1. In square nanometres, what is the average projected area of the Cα convex hull of segment 295-410?
2. Going Cα to Cα from Lys26, which lysines come in below 23 Å? Please leave out same-chain ones fewer than 8 positions away.
3. If you take every residue apart from Ala175 with its C-beta less than 15 Å away from the C-beta of Ala175, what net charge results, scoring Lys and Arg +1 and Asp and Glu -1?
Amino acid sequence: MRYRDERDALRGRVDSLEEQLATARKELEAQRDDDRAARVAQIERQMAEARRVLDQLGRELDEVRGRPRRPSVAPRVALLGVVVCAGIAGVLLVTRRPTPTATLLPAFPPTPAPPGPTTPVPSITPPDAEPTAAPPEAEPTAAPPEAAPAPERPLRTARATWKATVQRATGLPLAAGATCTIEATLTSAGDDIHVPGLEVVCRGTPIYRSSDELSGMSMFRSGVEEDSGPAPGTTLYAISYEDKGARAGARAEISLDSVRKAGIVWRDAAPAYRVELAIPYQSAPVKGEPLLDATGRALRGSARVTDATGPSPVKVGARCTLRASPLARPGKCLTRLECGGRMLYGAGTTGVSACTVEGDQVVRVHDGNTSRSGGDPALDLDVSTGRLTVRDEVGSAAWTVGMTLDNPMLE
């Protein structure tokens, strides 16, 4: 009933507008004003468009109510009527000759458009149609549990020391040959070694401490190489360490490289000094568990010389000790072979060779270069056969030593 009442009221509204438009035409004809005639034509076009919109809105309203289409007036006609009335009033107010002004009043207060549906319109099901069962709701699937974070690996700690010798010193009462001690705190979770602390002490006086206050810049880097020691349960360390940059605090500057066997400690701010050091390649043996997982897979063994040709440095029957420690670099080992107190392979800073690790064991070590190109003799070790061969060239002569492993074992 509400829609019917609103439609009847809207039709009455349109009729009233048409009557007002006819009155306006008569007044305009009396005025004989071409400009106003053009305005009337414009209003007529707007009126025709308004009727078309009203008819379209009426059809949409019938569709929403599920009734056959028929011309109807939509609730929005009130707004269009106000626009038309305003246009007619404007025409009558701008006349150039004094004429009575017609005031157009709406036949009824504008009816606001009904609010749009806030919920979907239900579909109409014919009486003979069977109701369709709603599809079953899918059961909520529980989200998979988040994977627990991997537990942090405990840090292993070691303190390594190197006995250094003063080569040259200025600004401090240190003579050449004076002894200094380098002590480093090393930590690792098994895959890399860090240096959280280092100090250099000469004749009881610290000349560098990483714990000293820094006032300025610090360009820092460090690197540590771990090797299995000469005795089971021991390890050796080589270190490179730099802490440099313009500064004015208590902390001095330092550059150490035990592989190069050299180091410098200096201070530019007062009191200025500079100390040059000679450093051994590896630290004193450190007892305890290795810091790196790779070093824990080191191969240790003893061997006996079974054959020798050429100017061999060892004789048949000599006893030898072997150790091969995997490095952090994949496929590389640090290998040492000592026979009768002489380092046959891996003397000094040499000894890096290609190696194969299967599971937790070194099974093969190979270095095809002789001392002419690689610094060490050539070496080939095959744990599966228990054979080890070392060869080298001295001038125009060449020698070869063959050995048999006694009891290769893991660290």
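1. Working: hull surface 26.9 nm².
Averaged projected area of segment 295-410's Cα convex hull equals 6.7 nm².
2. Cα-Cα hits under 23 Å: none found.
3. Numbers: positive: Arg168, Arg203, Arg274; negative: Glu276.
Surrounding charge for Ala175 is +2.
FYI, it's all coordinate maths here, none of it is from the lab. These numbers were taken from a predicted model, which means no experiment stands behind them. We place every Cβ from the backbone using ideal geometry, glycine too, and count neighbours over all the protein chains shown.
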